[in-house]
Every structure is written in C-alpha cells, then in structure tokens.
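J.: This is the structure I have questions about; it appears just below.
The values are calculated or read from the model by the stated rules, or taken from the named source; none is laboratory data. What you see is a predicted model, and the numbers here were worked out from it, not measured in a lab. Because the Cβ atoms are built from the backbone with ideal geometry, glycine has one as well, and the counts that use them run over all protein chains shown.
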Amino acid sequence: MLDDRREPPAREAPIKVVVAKLGLDGHDRGAKVIARSLRDAGMEVVYTGIFQTPDTVVAAVLQEDAQVLGISSLAGAHLEYTTEILARFRELGLDDVLVLVGGTIPAADAAELRRLGVAEVFTPGTPTSRVVDFIRANAPRRDTDGPASGRPVELRGR
Ligand code: B12
C-alpha cells in the first residue's frame, strides 16, 4: 500500500534574476540582451530599466526574492554602486544573493569587484551562454516551498 503521509518531493523553482542599470548610464543594450537570454534559458527575469539607485535595486531584489542580481555598467561607476549595494545586502542579511557585474569593466576593477564579493564579471563580447551556464552552476538553489537555501561554498566555471 502507498504511504500517503510522505511529503511530496520539493519542486525546484525557476532561478529568479534581477538585471539592473544604475545612475546616469543609458547603455541598455547589453542589459536587455542578457535579460532576454536568461529568460530564454528558463529563468524568471526582472529588468529594472535605466537610471536606478542602489536603494531601488536592493528593493527590487527583496521584493522579487531574487537569487541573482546582475548589474550592467558601461559608464564607469561600477565600483561605487556595487560597493553600496553589497553593503546594503550585508545589513539586510542578503549574503546568499549571487551578484554579477557586466559591461566595460577594466581588469583591475574586475579584481576589486571580486574581492568585494561579486561572483563574476562579464566584459564586452562575452557569449550569453557563458552567463547562463555560470548562473545555473552557482545560483543558490531553492524549491517552490522555501527561500533561497544558501550560496555554494565553491564557485564553479570561473
Ligand atoms: C552603443 C553605444 C552607445 C549608445 C547606447 C545605446 C543603448 N541604448 O545602449 C549611445 C550612442 C546612446 C551611447 C552614448 C554614450 N556613450 Co557609449 N557606447 C556604445 C558602444 C559603442 C557599444 C555598447 C553596446 O551596446 N554594446 C553591445 C552590447 C550587447 O554589449 P555590452 O553592453 O558590452 O554587453 C555585453 C557584456 O558587456 C556583458 N554585459 C553587459 N551588461 C551585463 C549585465 C549582466 C548582468 C551580465 C551578466 C553581463 C552583462 O554581456 C553582454 C553580452 O556580451 C560602447 C563601446 C563598446 N564597444 O562597448 C560605447 C561606450 C560604452 N560609450 C561610452 C561613452 C563615453 C558614451 C557617452 C558618455 C558619449 C557622450 N559623450 O555622449 C554617452 C553616454 C550616454 C549615457 N547616458 O549613458 C564609453 C564609456 C566609457 C566608460 N566606461 O567610462 C564607451 C565604452 C566607448 C568608449 N570606448 O569610450 N553609447
């Protein structure tokens, strides 16, 4: 006889990603290309649109309960904005959110971003499949019944 007291297996929800543009940076093509590629790969994507502030981006991540934040920056202010957002995440206990930065990021700044806690930096010419693979390998897992279960200790595919 079937034991109907067993819990049904938890289903894995689609990975939820917020793609954000901050400050006066109007270069939105890369952000839109990435947002569309992640959506086509089966992820749930929220694109904030241009001219956001760290506060509105953090609010979007909280509101959407996103596992991944992707910041697109082609105007040079990536260090300031990312530092501010990571500090807010720490205050709010959002340490498990996988943070990615893409755009025109000099190599020295990419190293600094990784030191601050950014999981990976994607510069112009990156195939979108590489971003999809990286997120699939590193986004914190969760099932449909619960919150993000925590970021893997080891990042793969860097
Ligand atoms: C097209 C373009 C514009 C267009 C933007 C149109 C639009 N709606 O996006 C227009 C003409 C409006 C423009 C204006 C300006 N631009 Co412009 N522009 C470019 C250019 C030539 C291409 C950018 C682009 O669309 N690439 C195609 C997309 C698909 O690629 P991408 O954005 O790089 O995205 C890829 C990766 O970077 C990454 N990625 C990007 N975002 C994200 C996000 C996530 C989450 C992830 C995972 C990955 C990721 O993945 C994508 C796929 O590979 C670049 C030079 C260059 N070669 O990058 C200059 C460039 C970005 N522009 C520049 C400048 C200076 C300006 C202006 C200030 C010029 C001026 N004096 O007016 C203005 C600023 C306007 C503003 N308000 O921001 C500079 C920026 C320098 C800097 N970083 O400090 C650049 C680098 C040119 C240069 N060499 O000097 N620009």
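J.: Identify, from the list Val99, Val68, Val58, the residue that is touching a residue at least 60 places away in the same chain (Cβ under 8 Å) and of a type in the set (Val, Ile, Thr).
T.: Details: Val99 fails: touching a residue at least 60 places away in the same chain (Cβ under 8 Å); Val58 fails: touching a residue at least 60 places away in the same chain (Cβ under 8 Å).
So the residue among Val99, Val68, Val58 that is touching a residue at least 60 places away in the same chain (Cβ under 8 Å) and of a type in the set (Val, Ile, Thr) is Val68.
J.: Regarding Ala75, is this residue within 14 Å of the ligand (Cβ to nearest atom), closer than 21 Å to Pro106 by Cα and at pLDDT 95 or above? Working first, answer last.
T.: Working: within 14 Å of the ligand (Cβ to nearest atom): yes; closer than 21 Å to Pro106 by Cα: yes; at pLDDT 95 or above: yes.
Yes, satisfied.
J.: On the given criteria, is Thr53 more than 16 Å from the ligand (Cβ to nearest atom), at pLDDT 95 or above and surrounded by fewer than 18 Cβ atoms within 10 Å (Cβ to Cβ)?
T.: On the way: more than 16 Å from the ligand (Cβ to nearest atom): no; at pLDDT 95 or above: yes; surrounded by fewer than 18 Cβ atoms within 10 Å (Cβ to Cβ): yes.
Here the answer is no, as Thr53 does not meet what is asked.
J.: Hey, another quick one. So, in the range 110-128, how many residues would count as being outside any loop (DSSP other than H, G, I, E, B) and within 10 Å of the ligand (Cβ to nearest atom)? Give the derivation first.
T.: Step one: list which residues in the range 110-128 are outside any loop (DSSP other than H, G, I, E, B), which gives 110-116, 120-122, 128.
Checking the rest, the ones that are also within 10 Å of the ligand (Cβ to nearest atom) come to 120-122, 128.
Residues flagged as outside any loop (DSSP other than H, G, I, E, B) and within 10 Å of the ligand (Cβ to nearest atom) within the range 110-128 amount to 4.
J.: Here's a follow-up. When the range 21-34 is examined, which residues are found to be within 13 Å of Leu69 (Cβ to Cβ) and either among the polar types (S, T, N, Q) or near the ligand (Cβ under 8 Å from one of its atoms) (or both)?
T.: Result: Ala31, Ile34.
J.: Checking Leu86 against (1) within 17 Å of Gly117 (Cβ to Cβ); (2) at pLDDT below 95, which single condition isn't satisfied?
T.: (2)
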